[in-house]
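The values are calculated or read from the model by the stated rules, or taken from the named source; none is laboratory data. Bear in mind that the values here come from a model prediction, so they are computed numbers and not experimental data. FYI the Cβ positions are ideal-geometry reconstructions off the backbone, even for glycines, and counts take in every protein chain you see.
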Amino acid sequence: MVKAWAGLPDQSFLEREDTAQLVTAVMSKLGSAPELELAQLPVLVKVINGYESDPKEWPSSRRAYAADAYNLTAQHSKAEPIYREILKDDPDNLHGLRGLGIALAYQRRFSEGIVPLRKAWDQGDKLSLPTLATCYLGAQAFDRMSDLIPSLLKRKKEDTDSLNAIIMYSLAKHPTDRKLFFQAIEGFSDEQLLRNEEVTHNVVLGLKRFGEQKRAEKLERLKAEQDNGKRA
């Protein structure tokens, strides 16, 4: 599938309707399997090149492909206006709301990102949750994200971003929330907590904050051993 897409001329999907199905299939699988990681960038570049060859002729029904490609290649300022075009035509478009929120979050415009992401979340878009939590944390709007905590707790095992958001919230809110912090890390082994560097850092910070110095030191020691092993 990826090879077939990579071999297409940049503008061919402007001429062939069946190519849209191929684009959809490829975009839906990006990042979902290790074997696709090397193929991901050429596919995204192909989408971007096709869009930039003639934005006015790009079918409006496929604008999300171009916006997603920009977002996935860290060109968030270019993704933003495309998502805004989508939302101008369809203000409740969940894909557009979520994409715009992600683009704004990566530009560190957290307060702005809350608006579309909250709208998407309130309409039942579960995929918007981690980025919405990130925006609330980035904007330091802790009192406005408390209703997200139950959903974040449900997702913590499957989503590192959700786990990290709960930990950060428990430490950043005033007063800090000891009970929530330990509820967040409950059920995780040290090995699991060490899989993500940011999670490890925040867990150590929380353990020290809440008087678990020995456990914090143990995690720091395991992290150092892990780092030494990687360097070796």
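Results for (1) part of a helix (DSSP H, G or I); (2) under 25 Å from Leu132 (Cβ atoms); (3) without any contact (Cβ under 8 Å) to a residue 40 or more places away in the chain, shown as yes or no for each residue.
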position: Arg195; (1), (2), (3): no, yes, yes
position: Gly206; (1), (2), (3): yes, yes, yes
position: Lys214; (1), (2), (3): yes, no, yes
position: Arg221; (1), (2), (3): yes, no, yes
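Against the test of being assigned to a helix (DSSP H, G or I) and out of contact with any helix residue (DSSP H, G or I) (no Cβ under 8 Å at 6 or more places or on another chain), the options Lys119, Lys78, Lys88 yield a single qualifying residue, Lys88.
Scanning segment 64-75 for residues that are under 18 Å from Pro42 (Cβ atoms), part of a helix (DSSP H, G or I) and of a type outside the set (Asp, Glu) gives Tyr65, Ala66, Ala69, Tyr70, Asn71, Leu72. The residue list Arg118, Arg108 contains one member that is surrounded by 19 or more Cβ atoms within 10 Å (Cβ to Cβ), basic (Lys, Arg) and within 18 Å of the chain's Cα centre (by Cα), which is Arg118. Somewhere in segment 159-182, is a residue at pLDDT 95 or above, assigned by TED's automatic domain parsing to the domain that holds Ala224, under 23 Å from the mean Cα position of the chain (by Cα) and not in a helix (DSSP H, G or I)? No - not one qualifying residue is present in segment 159-182.
Is it the case that segment 112-134 has a residue that's out of contact with any His (no Cβ under 8 Å at 6 or more places or on another chain) and on the phi > 0 side of the Ramachandran plot? Checked against the condition, which is being out of contact with any His (no Cβ under 8 Å at 6 or more places or on another chain) and on the phi > 0 side of the Ramachandran plot, segment 112-134 yields at least one hit.
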